[in-house]
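Nothing in this text is a laboratory measurement; each read-out follows from the coordinates by a stated rule. This is a predicted model, so every value here is computed, not measured. With ideal geometry, Cβ positions are generated from the backbone for all residues, glycine too; neighbour counts draw on all protein chains shown.
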Amino acid sequence: MEKILEISNLRIYYYLPQGVVRAVDGVSFDVYKGEILGIAGESGSGKSTLALAISGLLRPPAKVVSGKIIFMGRDLLSMDSEELRKIRGKEISMIFQDPSTYLNPVYTSGFQVAEVFEAHRGGHAKKYLGEVVKLFRMVKIADPERRVEAYPHQMSGGMKQRVLISMAIAEKPKLIVADEPTSALDVTIQAEIVDLLNEIRKETGSSIIFITHDLALLLEIADRIMIMYAGKVAEIGRAEEIAKDPLHPYTKALLASLRYERKKRLQSIPGSIPSLIDPPPGCRFHPRCQYAMDVCSKRDPGLINMGGRIVSCFLYGGDVEGDTKR
Amino acid sequence: MSLARYVAKRVAQAIPTLLGAMLVMFILVRILPGDPARLIAGPEALEQDVERIREQLGLNKPLYVQFIDYISSILRGDFGTSIKYRTPVTQEIMARLPYTLALAAAAEAIAVAVAIPLGILSALKPRSKLSYAVSVASLVGASTPVFWIGLIFIYIFAVSLRVLPSSGAESPKHIVLPAITLALLLMGNLTRITRASVMEALGSNHVLTAMSKGLVQGTILMRHVLRNAMIPIVTIMGIQVGALLGGAVITETVFAWPGIGSLLVDSLFYRDYPLAQGIILFIVIVFIAINIAIDVLYAYIDPRVREILWRGGRS
Amino acid sequence: MERREILKRIYEARKKRRQEMWEALKANRAAYASLYIVAFLTFIAIFGPLITPYNPYDFDLSRARMPPSLAHIFGTDELGRDILSRILAGARYTIGISIASVVLGVLIGVILGLLSGYLAGLWDTIIQRIVDVMLAFPTILLAIALVASLGQGVASLIIAIAISTFPVYARLVRGVVLQVIGEDYIAAAKLLGKSSAYIMFKHVLPNTISAIVVQATYYMGLSILLASALGFLGLGVPPPTPEWGSMIGSGRTYLFSSPHIVVFPGLFIMMAALSFNLLGDGLRDALDPKARALLRRG
């Protein structure tokens, strides 16, 4: 299958007065054409930072320290701002979490979507309003001709999110990065939005990176899933396989906390995420891991390739003796 | 709700406030020591003359009747008669109003032309030397007495350098120093608010969305940052009109600028209370009117406010 | 846990918070410096008349309008009085009037704000209307009108400035009250049978204090400028009292020949207003919990 995005050994740090926060610390993965890659992780796992980095939207004090982001064979990190601008919105687009704050209250929603066309086809946004009506229809916004003239505050949460989605698919991008697109919505609306994204993927062949803290959601919609913990990759694999046979202890714990109805008890994971300013040496998860071995507190396991699956855990190999590529 | 209805609504809301202000002026004048009838009549007058004037002014009627008379005469445009000039107060005000308007307009124009660009620039480059200098300058500006800096300016430019005139209003050059002095009063606060407001707009989420669409920097700045930042800035400009009017009183006095501000101070000095009271009330009415205009403008530029009005809520 | 243990921990937590606020204030060097200046000004406000090199009222026309010299550090004014002495003696008027009017303004504003927000209904409407009317006047204009009616003198100045400025505090306090009233602990207190006055003082008032302190410090700066402006216009304390604003007002006629009469009192007015404004900035940063948290982690 064709690879559209390759991330290798990406490190993104935030330089704050209290210290250097290692938000993304050596993450590598690929995205294939037409797939939905789910990225799951708690808050603080680095997933949102990753999303911004792919779109070239990182702002100081965040900085890409090392690594590569290769999109369709081009190195995004070496591009200047104008080249990146041409890619944003047209080949890589983003859907954000909270449509109320991510839409400008002073302009109509139709105008804001039309701006995507203005950015890449020239002219003034106003002349593309007809296209926007078609887009609205595609994302199933009722009465699109009227809605195009409506202001964001006149729309419901679900409708606003559809507006953001229509913005993201306007120029038929190869990659859509959706950062928690359903987290601010009611559960029923969530299902509709998720179905909508799936349909879009099938019709347009775009790949979608779907970022969320809700692993259960990903098990439904994603083709492959990447689990992140404290700025590092824990596990990557096909959704069905991870659901049936989780490898990483963190993944196992996450799944266990989902299946509490069977055990009739809420399973939570004891402990909390480590500080990203001064992470513990070795595997980031080891303080909370029930399988922790001696080596886990000394060295990072790195990424171990087990057929289709990638895990970062000494249980499955890794350089137990010598030096590991950190 | 249409704009016209909103205007009508705001005006209706302002009426009790206006009546209250008139009541305050009415009370203040009654507190004044001395007998207004005697003041008008002069020290030489006979007792029956004073009595006649008292009758004319309606001073023998009960207070609430006097107040109603007062309101009705204001509504007719009669603000009383000046003791010193023996002409209607309205006439004196109208004669000198253009000067005050010119000064106020010039000062506001200078303040906006300087403060807003400076504020925007220092928001775009928050840790630069410019930003720091602007912060210091606006703090110092806000702590400087207007009357004092005006006098200093007079000394530097009129006395030492002799490039600008020190008082009066004969030529266009005469407006320069007073306008700059008055503008200084406004600039400090305006710069600070502009900077804060632009910085807040820069950090807002919809700017991130705009960037993710691939819009050009310039478009993002104009459409998504400045347009949104303007809302609090316009609010402050409206609030500042009060300081502008009050500051004009002082500035006109310092520079002997023939507007209604210096007329007010003179009238107090000469104990021409009808004139003083009339000018103050006039300024209050203008201030209320400007506040209504600012509110209407606010509703025009922020669609959310229009929505609140639609539902009939109090904003 | 023992009751004493709990109380001790609460006491220590409170002490720690006060220390943090103090640290935050000190971190802002400009604000810290302004604290010293404010202390200095308070000192000369209280002891000024005792430390004057010359009698501030002693005039001698033969020594009139002398420029600064070793004998008279700031020179002499139009009546031959030593300007430094007049500035020292006059500090108490400018500073004292400002402090008094701010205190009075805060008192009136807080009481009205509390009543307005808490009692609501008719009281709220009446008080809000009064506040609206007050705010319809530009501040200086209201102060001028009040001083003109009440006559000259320190008392009328204080009352005039207090009345011109209380609406801001009233609005502020009312806003906080309305916000706090919806909180659950107020309902809980009411259920426990606490009286309205108790709730107002114990729960609502503390929440307003930091906002009021910051606002009041800024208004000190404003009051200083307002009081001296009124003095300049001849509406303040009557001569020969050495109030800084009126010194500038009477010295104005001789601006061309003897600018020093105007310059020095103005510099002091500026210094006073500046230090209070800086203090206000520093206090606002120190009292802002977010700013303190940032410093804590640093």
TODO: Would you look at the GNM of chain B, springs on alpha carbons closer than 10 Å, and say which of B:Ser262, B:Ser122, B:Ser160 moves the most?
DONE: B:Ser160
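Please report B:Ser267, B:Ser131 as a ranked list, fewest other C-beta atoms within 10 angstrom at the top and most at the bottom.
Details: B:Ser267 26, B:Ser131 18.
Taking fewest neighbouring Cβ atoms as first place, the list is B:Ser131, B:Ser267.
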Open item on the list: Report for the protein assembly as shown the percent antiparallel among DSSP-assigned beta bridges with both residues inside it, nearest 5.
Closed with: 65
TODO: Quick one: grab Rg to one decimal and Dmax as a whole number for segment C:100-205, Cα atoms only, in Å.
DONE: 16.0, 52
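Net charge within 15 Å of C:Leu41 by Cβ-Cβ distance, Lys/Arg positive one each and Asp/Glu negative one each, not counting C:Leu41 itself?
Working: positive: C:Arg92; negative: C:Glu243.
Here the charged neighbours net out to 0.
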Task: P(r) histogram, all alpha-carbon pairs of segment A:105-217 included - 10 Å bins from 0, percent - done: 14, 46, 34, 6, 0
Open item on the list: Taking beta carbons within 10 Å but only from partner chains, what does the mean come to for residues C:260-266?
Closed with: 3
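Counting other Cβ atoms within 10 Å of each Cβ, which chymotrypsin sites (Phe, Trp or Tyr not before Pro) in segment B:207-275 have at most 16 and sit in a DSSP loop? Walk me through the numbers on the way to the answer.
Numbers: sites: B:Phe255, B:Phe269, B:Tyr270; in loops: B:Tyr270.
Qualifying residues, ordered by number: B:Tyr270.
List the equivalent ellipsoid semi-axes of segment C:192-239 in whole Å, largest first, each obtained as the square root of 5λ for an eigenvalue λ of the Cα gyration tensor. Mind dumping the intermediate values first?
Details: eigenvalues 301, 33, 5 Å².
Rounded to whole Å, the semi-axes are 39, 13, 5.
Output the antiparallel fraction of DSSP beta bridges having both residues in chain A, as a percent to the nearest 5. The partial results should precede the final answer.
Working: 32 of 51 bridges.
For chain A, the DSSP antiparallel bridge percentage is about 65.
Taking chain A on its own, what percent of its Cα-Cα pair distances exceed 36 Å? Walk me through the numbers on the way to the answer.
Details: 11281 of 52975 pairs.
So the pairs more than 36 Å apart make up 21 percent of the total in chain A.
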Task: Those GluC sites (Glu not before Pro) in segment A:1-78 that DSSP places in a loop and that have at most 12 other beta carbons within 10 Å - done: A:Glu2
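To two decimal places, what compactness ratio does segment C:183-275 give when its Cα radius of gyration is scaled by 2.2 N^0.38 Å?
Working: Rg = 22.5 Å, N = 93, 2.2 N^0.38 = 12.3 Å.
Against the compact-globule rule of thumb, the ratio is 1.83.
Treat every Asp and Glu Cβ in the protein assembly as shown as -1 and every Lys and Arg Cβ as +1, leave all other atoms uncharged, and give the resulting dipole magnitude about the Cα centre to the nearest 20 debye.
That gives a dipole near 1660 debye.
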- [ ] Can you grab the distance from the C-alpha centre of segment A:89-141 to the C-alpha centre of segment C:113-187, Å, no decimals?
- [x] 47
- [ ] Mind telling me which of B:Glu44, B:Glu252, B:Glu92 comes out most flexible in a GNM of chain B, alpha-carbon contacts under 10 Å?
- [x] B:Glu44
Task: Estimated [θ] at 222 nm from DSSP helical runs (n ≥ 4, -39500 (n - 2.57)) normalised by residues in the protein assembly as shown, nearest 500 - done: -19000 deg cm²/dmol
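Only four residue types carry charge here, +1 at the Cβ of Lys and Arg and -1 at the Cβ of Asp and Glu. Report the dipole size of segment A:96-205 about the Cα centre in Debye, rounded to the nearest 20. Please report the intermediate quantities before stating the final value.
Values: 14 positive and 15 negative charges, 81 e Å.
Roughly 380 debye, rounded to the nearest 20.
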Open item on the list: Along each principal axis of its Cα atoms, how long is the protein assembly as shown end to end? Whole angstroms, biggest number first, please.
Closed with: 116, 69, 63
Task: Convex hull volume per residue in cubic angstrom - Cα atoms of segment C:228-273 - done: 63
Open item on the list: Given 4 °C and 1.567 mPa s, compute D for chain C with the Stokes-Einstein relation, Rh being the Kirkwood radius over Cα pairs; round to the nearest whole µm²/s.
Closed with: 60
Open item on the list: Compute a Gaussian network model of chain C, connecting alpha carbons closer than 10 Å, and tell me which residue from C:Arg129, C:Arg174, C:Arg284 fluctuates the most.
Closed with: C:Arg129
Task: Summed side-chain charge close to A:Ala142 - residues other than A:Ala142 whose Cβ falls under 15 Å, Lys, Arg +1, Asp, Glu -1 - done: +3
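Loop only per DSSP, at most 16 neighbouring Cβ atoms within 10 Å: give me the GluC sites (Glu not before Pro) in segment C:1-72, ordered by residue number. Walk me through the numbers before you get to the answer.
Numbers: sites: C:Glu2, C:Glu5, C:Glu12, C:Glu20, C:Glu23; in loops: C:Glu2.
Taking segment C:1-72 and a limit of 16 other Cβ atoms within 10 Å, the loop GluC sites (Glu not before Pro) found are C:Glu2.
Are there DSSP H segments in chain C that both extend 15 Å or more along their axis (alpha-carbon positions) and score a mean Kyte-Doolittle hydropathy of at least 0.5? List them, or say none. Write out the running numbers ahead of the final one.
Numbers: long enough: C:3-27 (36 Å, -1.54); C:29-47 (27 Å, 1.79); C:83-119 (52 Å, 1.79); C:121-135 (21 Å, 0.96); C:139-150 (16 Å, 2.69); C:154-181 (39 Å, 1.82); C:205-232 (38 Å, 1.32); C:260-287 (40 Å, 1.29).
Qualifying helices, which must be both long enough and hydrophobic enough, are C:29-47, C:83-119, C:121-135, C:139-150, C:154-181, C:205-232, C:260-287.
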Open item on the list: Can you give me the Kirkwood hydrodynamic radius for chain B, using every pair of distinct Cα atoms, in Å to one decimal?
Closed with: 22.7
Task: Positive-end residue, the protein assembly as shown charge dipole about Cα centroid, Cβ charges, pick of A:Pro280, A:Ser81, B:Ile292 - done: A:Pro280
- [ ] Calculate the all-directions average of the projected area of segment A:181-253's alpha-carbon convex hull, and give it in nm².
- [x] 5.4
TODO: Would you order C:Val237, A:Val24 from fewest to most other beta-carbon atoms within 10 Å of each residue's own beta-carbon?
DONE: C:Val237, A:Val24
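Please get the size of the charge dipole for segment C:1-91, origin at its Cα centre, with Cβ charges of +1 on Lys and Arg and -1 on Asp and Glu, quoted in debye to the nearest 20.
Numbers: 15 positive and 10 negative charges, 180 e Å.
Using only the charged Cβ atoms, the result is roughly 860 debye.
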Task: In Hz, Karplus ³J(HN,Hα) per residue of segment A:163-172 (6.51, -1.76, 1.60; θ = phi - 60°; x = Gly, Pro) - done: 4, 4, 5, 5, 4, 6, 9, 3, 9, 6
Task: Reciprocal mean inverse distance between Cα atoms of segment B:162-223 - Kirkwood radius, Å - done: 15.2
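Please compute the average number of Cβ atoms from other chains found within 10 Å of each residue's Cβ in peptide B:22-30.
Working: counts 1, 1, 9, 3, 0, 1, 6, 3, 1.
Across the residues of B:22-30, the mean count of other-chain Cβ atoms within 10 Å is 3.
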Open item on the list: Using Cβ counts within 10 Å as a stand-in for footprinting exposure, how do C:Asp82, B:Asp78 rank, fewest first?
Closed with: B:Asp78, C:Asp82
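C:Gly231: net charge of surrounding residues, Cβ under 14 Å, Lys/Arg +1, Asp/Glu -1, itself excluded?
Details: positive: C:Arg86, C:Arg92, C:Arg252; negative: C:Glu243.
For residues surrounding C:Gly231, the net value is +2.
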